[in-house]
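Engineer: So that we are looking at the same thing, I have put the structure below in structure tokens.
The values are calculated or read from the model by the stated rules, or taken from the named source; none is laboratory data. On a predicted model such as this, the values are computed, not experimentally measured, just so you know. All Cβ positions, even for glycine, are placed from backbone atoms using ideal geometry, and neighbour counts span all protein chains on display. Accessible surface areas use protein heavy atoms only, side chains included; no ligands, DNA or RNA. Shrake-Rupley method; radii C 1.70, N 1.55, O 1.52, S 1.80 Å.
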Amino acid sequence: SEGYVSCGKVRKKIAQPWRQSVVGVLVNLEKESTNANTISLFRDGVRICEPYPIPEPLLGKPLFPTLSFKCVTLQVNFGPVPMSPLPFTCNMLGSVAEADAKVKKTSQEGPGHLVVPVGLPEQGYFDWVDDFLEKNPSYFELSERKIADWALKSGLWRTNRTSGSMDRPDVKFSVPVLEDSTVKRLMLSIAPTIQGNFIVPELKANLLASERSALLRLFSGPGYKKVAKVIMGEPNAAFKQRVQDLLIEDKKKTQLVEQKKKAAEEARRRVMEERKRAALRLRGEDEAAPEEKEKEKEAEQEDKATPMETETIVELTEEEKKMWYRPSQTPDVADQATAKCYADFSLPASSEGFDEVTFEWSDKDKAESVLKEWKFAKKLTQKVEDIKPGEAFKEAWAEWSSKIEAWKKQQIEWKSPAKRKEKAEAKQKEAEEKGDEEGAVELAAAAAKEEVDPDTIEALTVEDISDIGGGQPLFAKFASEDWALLSMRYEIFLLVHSFKKDVNDPDRLGFTEKDLSFYYNKYFKKTFSLKYFELASFDKLVKLLQDALKVEPESKFIATTLPEDTPLSKFVKLAEEHRRIRHRRAEAGDENAELHFGRPNGHSAHQPPVRPVPGGRLAYPSRAYVPGSVNRSLQPTVQQKRPVPTISPTLEKTAFIAKRPTYGSFWKR
């Protein structure tokens, strides 16, 4: 009613808007007419637009009369006589020529069929569904992906596209009834009233007994035969051949895209060269020999002919020939969708209300075995979304946090001669007050000793890491990088052991690299990032901390080489030993031995840069990962306020800027 015609992404206005009118749509398919294959609009029998060509993608295809309306009363006339006379004679839809129409029967003999396919993610589920629909064209698909396909074919555009899956594709079309599944619910409500054949390929829902029962209740009438088809195990030969054909087709499409891209680049290069030669000819500097020009023309003709004449030939590798299922960039089901319900996945049974349960690939016993193995593998790799840190972790983390803060404070005091002397005198005075004269003498003698070089002491055999002689700590030479590696050693050690306790499941022996950030944030309330360590991969971090960290070769679980009862001092000893090894390598000329962590723009590794905030407001520090730090995101840092000038009797006001004054420029004495 707005006068627009749209096809795909093209939308064009061809007539003025109308209201309260009799509108006729004329489709001209008469080949001898000058306006053949056009669409025209008539309002109250008067033409309101010029004949508009039928879009090329729709030529020769059935055009189904579709009406969309909102907030209006609509009367439709598919009868033999137009409601408003036209200036010429034409056939109405009910008397259209047989050659110009495609009649499809809406009724069928016998009961309708409802097919519920049940399969596992990433195991050829949707390829099987597509193959079934090709072999059984009488079946109609009821699913989210079909609705998304309708929307795209109807000319809707996706807005703010996000990641989706085959089972729940992205339906961000800015149409609320599509995004909140209203269309799907309406479709499932209407379908049972129509005697037809339907297939409902909802992968996750069809694996849950409760969802299957809810679907069967919609089709509980006597006019439907309900069939469950289980697609698990080793596919049959026909499906394997289909997978091979699809892989070849995908490869051909990829090569065709590459060829078109290469041809476009070559065409762009030729245009640039031609422009360059034209510029040289204008200046009289084109010195190319005639033979070279002839060769260039021949090469240009060959380049133009190659993409059109060369047939795309692809071959599958030996690994691809052994594939049972075709890999896809879009997952069948999102991990978040199955995280909390995969344990309830089950095979369909006749007791649920199915008239028939068939196993397409493997028998029932094999299918049950495949499902059980899949659930067990999923359990080992699936994140435990509801895991909570236990009391043992909280106690250990509190102890570590206080210890590392005390060690850092002790290092700072040791590096300050004044504080070191003050601390020694305080200890000596305390011993004298207690009457321990021998202890006071020993403390005085220890303070008079020269500073001990920690490199001369075996780090792993030190008994007291806080005093290796003269009150000097073992970690006296630690830099920010050493503290960061020390913290990471203990944090992953504590995380690995705490996970096994808190998950309380003998089947879950650990977690892999992909879930490390999730569990790290769950336990320590901060973000894990390899960027701080300036490392490209987690394997390099494992190599850096190989004295305490490892990855199991078979399961790929992150593990620690240290037992659960390892004392905290052990981690300091390992960090000191690692520091000495790097120091010796650096002295030998190994440039890779030096470490520089997380110091962008000269900021300290343990103090995030403060963002300038005008007006003296509170600026909260970033919650980015700082190894060894305790989460204090709720403690703000107060930035210095701008000086605000005050009015005095000796000052005369000459100007005032309300929002952003430039102080010192608008007062004079």
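Engineer: Show Met92, Met166 ordered by accessible area, largest first, where the area counts protein heavy atoms only and the probe is 1.4 Å.
Structural biologist: The ranking, largest first, comes out as Met166, Met92.
Engineer: Grab the other residues whose beta carbon is less than 15 angstrom from that of Leu188, score K and R as +1, D and E as -1, and report the net.
Structural biologist: After counting each charged neighbour, the total is +2.
Engineer: Ignoring ligands, DNA and RNA, what accessible area per residue does the range 354-407 give at 1.4 Å, in Å²?
Structural biologist: 59
Engineer: Between Trp157 and Glu319, what is the label-to-label distance in nm when each label sits 7 Å out along the Cα-to-Cβ direction?
Structural biologist: According to this spin-label approximation, the distance is 4.0 nm.
Engineer: Here's a follow-up. Probe radius 1.4 Å, ligands and nucleic acids ignored: give me the carbon and sulfur share of the accessible area of the range 210-279 as a rounded percent.
Structural biologist: Summing carbon and sulfur atoms, their accessible area is 57 percent of the total for the range 210-279.
Engineer: I'd like the accessible area for Val46, computed on protein heavy atoms only with a 1.4 Å probe and all protein chains in place. Round to 10 Å², please.
Structural biologist: 90
Engineer: While we're looking at this one, here's another question. Less than 11 Å Cβ to Cβ from Ala15, Lys/Arg counted +1 and Asp/Glu -1: what total charge do the surrounding residues give?
Structural biologist: +2
Engineer: Order of 77-88, 236-247, 540-551 by packing, highest average Cβ count within 10 Å first?
Structural biologist: Going from most to least packed, we get 540-551, 236-247, 77-88.
Engineer: Sequence-distant or interchain residues sharing an amide H contact under 5 Å with Val118, placed H: which?
Structural biologist: Hits under the 5 Å cutoff: Lys229, Val230, Ile231.
Engineer: Can you tally the net charge around Pro331? Count Lys and Arg as +1, Asp and Glu as -1, for every other residue whose Cβ sits under 11 Å from the Cβ of Pro331.
Structural biologist: -3
Engineer: A further question on this structure: Once the whole set of protein chains is in place, how much accessible area is left on Val257, using a 1.4 Å probe, in Å² to the nearest 10?
Structural biologist: 90
Engineer: Which order do peptides 28-39, 563-574 fall in by mean Cβ count within 10 Å, highest first?
Structural biologist: Sorting 28-39, 563-574 by mean packing, highest first, produces 563-574, 28-39.
Engineer: In terms of solvent-accessible area of protein heavy atoms at a 1.4 angstrom probe, what is the ranking of Ile313, Ile581, Ile412, highest value first?
Structural biologist: The most accessible residue leads, giving Ile313, Ile412, Ile581.
Engineer: Next question, about the same structure. Ordered by packing density, taken as the mean number of other Cβ atoms within 10 Å over each peptide's residues, highest first, how do 119-128, 357-366 rank?
Structural biologist: 119-128, 357-366
Engineer: With a 1.4 Å probe and every protein chain left in place, tell me how much accessible area Cys90 has, in Å² to the nearest 10.
Structural biologist: Accessible area of Cys90: about 50 Å².
Engineer: Continuing with this model, one more query. Could you look at the range 480-592 and say what percent of its accessible area is carbon and sulfur, using a 1.4 Å probe and all protein chains?
Structural biologist: Here carbon and sulfur together make up 49 percent of the probe-accessible area.
Engineer: Excluding ligands, DNA and RNA, what is the solvent-accessible area per residue of the range 497-559 at a probe of 1.4 Å, expressed in Å²?
Structural biologist: With the other protein chains kept in place, the range 497-559 gives 54 Å² per residue.
Engineer: Shifting gears a bit: Would you mind checking the pairs Lys135/Lys261; Lys375/Lys500; Lys135/Lys253; Lys415/Lys543; Lys172/Lys204; Lys135/Lys321 and listing those with alpha carbons more than 27 angstrom apart?
Structural biologist: Lys135/Lys261; Lys415/Lys543
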